[in-house]
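A.B. asks: Can you keep this structure in mind? I'll have questions shortly.
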Ligand code: NAP
C-alpha cells in the first residue's frame, strides 16, 4: 500500500471531468489536498464539491493552461490554500479530430498551445514551489496516440503527445537537480465523457482491438499517477507507463480475435 500522499498538496489540471477527475478522486481518497483546475470555474467547483462529499480535501480553481499569467496565479493559489506544491499532474488536454487536408493552421496551434505549451507553462509556474517540497513530483498525461500509435484525424494531437515525452526527457534531467521527478502516463482508450462523444461505433471498434476487451476507467489512470507520485517511486524519473489494456500489443488486425 502506498502511504506517502497524505497531506500532500496536489494540483490536477483538466480535472473538472474525465481522466483528470479520476486522478483527483484517487489522490483525494489517499489523503491528498487537491486543487481541481479547469477553465470553467463552476465545473471545477462542482467536481471539488463531489470530492469533498466523499471525504476528500479539494477546491476548484479556474485557469487556462495556455496562459502563463493564469498558471502563475494558479501556483500562488495552491500555495495559499495548501501551503505549497508537492505534486503536479499536468493532465489538461484536448483532442479535436481533423484530417491533415482539413486541418487549419489555427486548429494546429490551438492543440499545440493546450497540450504541449500548456504542459511547459504549468510546470514552469509551479517549479519554484515544487523545489521547496521534499517529494516534488510531476506526472504528465500523454497518450498511446503519438508516442506509439496513430489514428486518422489526430496528427496534431499525436504530435503534442509525443512532444510531451521529448520535453519530459530533458526536464527530468533539469528537475533531478532539485530532487523532483517527472514521468508520463500513456493512456489507451479511457471511458470519459469526451471519448464517449465519439459515438458507440468508436467504442465498439476500440474495445474489439483491446486484449482486455474493454476501455479503461479514469481511476486506472489515477492509480498509475498515485504510484508515480508516491515516495515508493522516488527513484523513477523520465519514464513512461502505458495503461491501455494491452491495446498496443497485437501484431495483426486479427490477433485479438484469435486469442
Ligand atoms: P476531457 O474529459 O475532455 O477533459 C478535459 C479537461 O481538461 C476538462 O476538465 C477541461 O475543462 C480541461 N481543459 C481543456 N482545455 C483546458 C485549458 N486550456 N486549460 C485548462 N483546462 C483545460 O478529456 P480526457 O479524455 O479526460 O483527457 C484528459 C487528458 O488525457 C488529455 O491530456 C488527453 O490527451 C489524455 N488522454 C485521454 C484519453 C482518453 O481515452 N480519454 C486517452 C489518452 C490520453 P474546461 O474545458 O472547462 O477547461
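Please treat every number below as a calculation from the coordinates, not as lab data. Since the structure is predicted, the reported quantities are computational estimates derived from the model, not experimental observations. Please note: Cβ atoms are built from the backbone with ideal geometry, for glycine as well, and neighbour counts cover all protein chains shown.
A.B. asks: Can you tell me how much longer the chain between residue 253 and residue 81 gets when fully stretched, taken as 0.36 nm per residue apart minus their C-alpha distance, in nm with one decimal?
C.D. replies: Taking 0.36 nm per residue and subtracting the Cα distance, the gain is 56.9 nm.
A.B. asks: Can I ask one more? Give me the one-decimal Kirkwood hydrodynamic radius in Å for the chain, with the sum taken over alpha-carbon pairs.
C.D. replies: 18.4
A.B. asks: Can you tell me which of 104, 142, 230 moves the most in a GNM of the chain? Springs connect C-alpha atoms under 10 Å apart.
C.D. replies: With Cα springs under 10 Å in the chain, the top fluctuation among 104, 142, 230 is at 104.
A.B. asks: Now, a different point. Mind jotting down the distance between the C-alpha centroids of segment 225-242 and segment 62-119, whole Å?
C.D. replies: The distance from the Cα centre of segment 62-119 to that of segment 225-242 comes to 22 Å.
A.B. asks: Measuring from label point to label point, each 7 Å out along Cα→Cβ, what is the residue 50 to residue 212 span in nm?
C.D. replies: Simple spin-label model gives 2.1 nm for this pair.
A.B. asks: For helix 155-176, what angle does its Cα long axis make with the longest principal axis of the chain, in degrees from 0 to 90 and rounded to 10?
C.D. replies: 40
A.B. asks: Taking the Cα atoms only, what angle lies between the long axis of helix 68-82 and the longest principal axis of the chain, rounded to 10 degrees?
C.D. replies: For helix 68-82, the angle is close to 60 degrees.
A.B. asks: Take the chain, connect every pair of alpha-carbon atoms lying under 10 Å apart with a spring to form a Gaussian network, then pick out the residue of 103, 186, 165 with the largest mean-square fluctuation.
C.D. replies: Of the options given, 103 has the highest mean-square fluctuation.
A.B. asks: Given the DSSP H assignment, sum -39500 (n - 2.57) over each helix run of at least 4 residues in the chain and divide by its residue total; what's the result at 222 nm in deg cm²/dmol, nearest 500?
C.D. replies: Counting only the DSSP helices, I get -13000 deg cm²/dmol.
A.B. asks: Under a GNM of the chain (C-alpha, springs under 10 Å), which listed residue has the highest mean-square fluctuation: 97, 135, 247?
C.D. replies: Most flexible of the set in this elastic network: 97.
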